[in-house]
1. Report the residue, chosen from A:134, A:274, A:179, that carries the largest GNM mean-square fluctuation when chain A is represented by alpha-carbon nodes joined by springs under 10 Å.
2. Using only Cα atoms, figure out Rg for segment B:189-344 and give it as a multiple of 2.2 N^0.38 Å.
3. What are the distances, in nm and sorted shortest first, from the label point of residue A:342 to the label points of the same position in each other copy, with each label point placed 7 Å from Cα along the Cα-to-Cβ direction?
4. Using a simple charge model, +1 on the beta-carbon of Lys and Arg, -1 on the beta-carbon of Asp and Glu, nothing else, what dipole does segment B:1-127 show about its Cα centre, in debye to the nearest 20?
5. Between segment A:188-217 and segment A:354-390, what is the separation of their alpha carbon centroids in Å?
6. Using alpha carbons only, how many angstrom separate the centre of segment B:1-32 from the centre of segment B:97-150?
7. Taking beta carbons within 10 Å but only from partner chains, what does the mean come to for residues A:56-66?
8. Taking the Cβ of residue A:237 as the center, what net charge do the other residues with Cβ under 13 Å away carry, scoring Lys and Arg +1 and Asp and Glu -1?
Protein chains: 2
Amino acid sequence: MTSRLESLREEYQALRAQDLSLDLTRGKPSAAQLDLSNALLDIDLGADYRDASGTDLRNYGGTDGVVELREIFAELLGIPVAQLLAAGNASLQLMHDTIVFALLHGLPGGEPWFGQDVAFLCPAPGYDRHFALTQALGIRMIAVPYLADGSLDLAAIEKHLADPAVRGMWLVPMYANPTGSTVDEATARALVAMPAAARDFRIFWDNAYAVHHLSDDEPAPLDILGFAEEAGNPDRVFVFASTSKITQAGSGVSFFGSSPANVAWHKKHTSVQTIGPDKLSHLRHARFFGDAEGVRAHMRKHRELVAPKFAIVDRILTERLSGHATWTKPSGGYFVTLVAPARTASRAVELAKSIGVAITPAGAAFPYGDDPHDSVIRIAPTMPTEAELEAAIEALCVCVLLAEAELEASGR
Amino acid sequence: MTSRLESLREEYQALRAQDLSLDLTRGKPSAAQLDLSNALLDIDLGADYRDASGTDLRNYGGTDGVVELREIFAELLGIPVAQLLAAGNASLQLMHDTIVFALLHGLPGGEPWFGQDVAFLCPAPGYDRHFALTQALGIRMIAVPYLADGSLDLAAIEKHLADPAVRGMWLVPMYANPTGSTVDEATARALVAMPAAARDFRIFWDNAYAVHHLSDDEPAPLDILGFAEEAGNPDRVFVFASTSKITQAGSGVSFFGSSPANVAWHKKHTSVQTIGPDKLSHLRHARFFGDAEGVRAHMRKHRELVAPKFAIVDRILTERLSGHATWTKPSGGYFVTLVAPARTASRAVELAKSIGVAITPAGAAFPYGDDPHDSVIRIAPTMPTEAELEAAIEALCVCVLLAEAELEASGR
């Protein structure tokens, strides 16, 4: 065993000698992906800055967002146009504001959440910014670990919903951050049908990767609002989406979809907050896409750039970590979740950092940063070049194996 | 008297026969004003989407906003760049979010406002959206009428500040909505120096019209943050501004400026809300303006379009209402305040509406819509054409005179 530890140490020192500077932390599109949308930067709106109804989009007004763009995403998200609002450049802000409205004003028919014991269910591992937001807004987080097969633990969720403090649940239903898992129809129908002690319980259905397929299988989003209505809980779901990882990450458009009652509630509170979103940004996006099929064609170009990177990750992990770790093989989205041996993730990340390979901090994908097994490592393959990605994953594998060998050698 | 009433009624019926459809309600730029910024719609960022430091502005990040644009407005607003953030398209949203952060988290060193008796001082008449926002967020409004000479009632404000419930004060310091009044240095210094029972008292200094001059006199904004620091109350002032009435009203950039401690507090809470503002919009604006002098030159073009409209309003009011009403003669901004005879404003607005001339509802410029004298009518001259404006002001004058004559005839 010592010889294995020593050979890994040698390999690690050899990596150190390479003076690496690599980054696997950020779920950001690469420059090549951003280039796919460069036509957005050149669209000349000077000749025609009006929407289909003739409204001058340069001026104030239009709180719902530009209808041409809402129509495109209504089709893609499977949500009636009237129930889908287009807003600013960040869906995170829509989520934040939605929780703030609930805290300050309460949901339709409910009391303000502020000052109450309010808890959100957090399937874990999940999206770190969901958790940071929840914590910052004073909401208690309850981690709900995924089952071994990657599916949601519906029995645990149903049990938690008997607690009236549970008012919300985070969910990335397609190609989840970071597990890549996708909710199936039976699970979705169960989630909107199960009894909840809190009448104002809401699922925050963050469909951030609804069109971000990595295979020929391009499933349409589930009709979650329809399912909720059929189940007799029409107001249970808030849908969020954005173009952030479709066009330019920092300059996209966000969407909010829900039941008519929830949309009216949201609009009421938004109406004192703003005179309206940036409609010229909406118009640029509508012109750039043309229609829903334009978005689909555009996403296939992303896939051409992104899928090879996921293949690289899978190939190297297979070569180096088979028998030592498991990992996800997502068919869409932005992340691979590596499950390293228990009690090695934070050490592996530390080892990587020390030789110039930045990895998302172990635990970041868990509420309160608490990975109970210290085993989950989130890999974001999109941003680096393929050569950088290969080098970074090779180095990460050495760090995981070294952390494992160190642990075994320590006898703990 | 009856003959005067009858002749006004005849004039009013003649107006009715004209089937007017005119609108003086909205402080919106006219299409000709928006045309001044049409080059913004055509800027080709495709060749260069990086800021001066080389950062790719298409991607995530950059929570402070693009520095080139912040430098331009730092000069115009007299605020150090490091203390001036550039954000989304609506300064109203910045104001909303700032109050929300205070409600949920408290100001630096303070307790959350939520659930406390919190009151804001509201110089009146003022901006209706300030008041709508304040009311919606559950904050009590205390109207502080302007003095007869149009200046702030500092004695009343100082008295109110002895009440620890008073945590905020709205103020449009230049060319105020709707009075057009501008705070002078002595008043500004008094406001930041006067004792306040609430340690976390803040002035919401909404400098919406900082560069919107209507005469050759183009005063620089007061160094309100410097005055506050000199007075020993460095954290007393939040400065807001935007390009909404400089470029395209719905697609501009908003700004937040304050002390280093307040800026750090704001950034902390914003950091969980968004990954960053739309930096390409910032870049378009920076390229469009070039520098602060570019903004000043641009605003002179607005003045060429807007000043003649203010002259029309003043000319017709002088012709028709001298001896009956008073009105402001602003040297900047977007509004004229007409002070009609007491107890006639709402009737005059009703009369105007009935013949197709839309006027902002009487009382709208007051907290809770309560104009104690029912005399203030807000005139927004920018949006209509000059011909429409002439017709609308002529009609409004007839309605004011008729309302006055009706009141006199009623003997009440």
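Read the figures in this text as sums done on the coordinates, not as results from a lab. Computed from a predicted model, the values in this text were never measured in an experiment. Neighbour counts are summed over all protein chains in view; Cβ atoms, including those assigned to glycine, are modelled from backbone coordinates with ideal geometry.
1. A:274
2. Expressed relative to 2.2 N^0.38 Å, the Cα Rg reads 1.30.
3. So the distances to the same position in the other copies read 8.2 nm.
4. Details: 8 positive and 18 negative charges, 85 e Å.
That gives a dipole near 400 debye.
5. The two parts, judged by their Cα centres, are 25 Å apart.
6. If you average the Cα positions of each part, the centres end up 36 Å apart.
7. Numbers: counts 6, 4, 15, 13, 11, 4, 1, 0, 0, 0, 0.
That works out to 5 on average.
8. Numbers: positive: A:189, A:202, A:236; negative: A:200, A:206, A:223, A:229, A:230, A:235.
Every neighbour counted, the sum reads -3.
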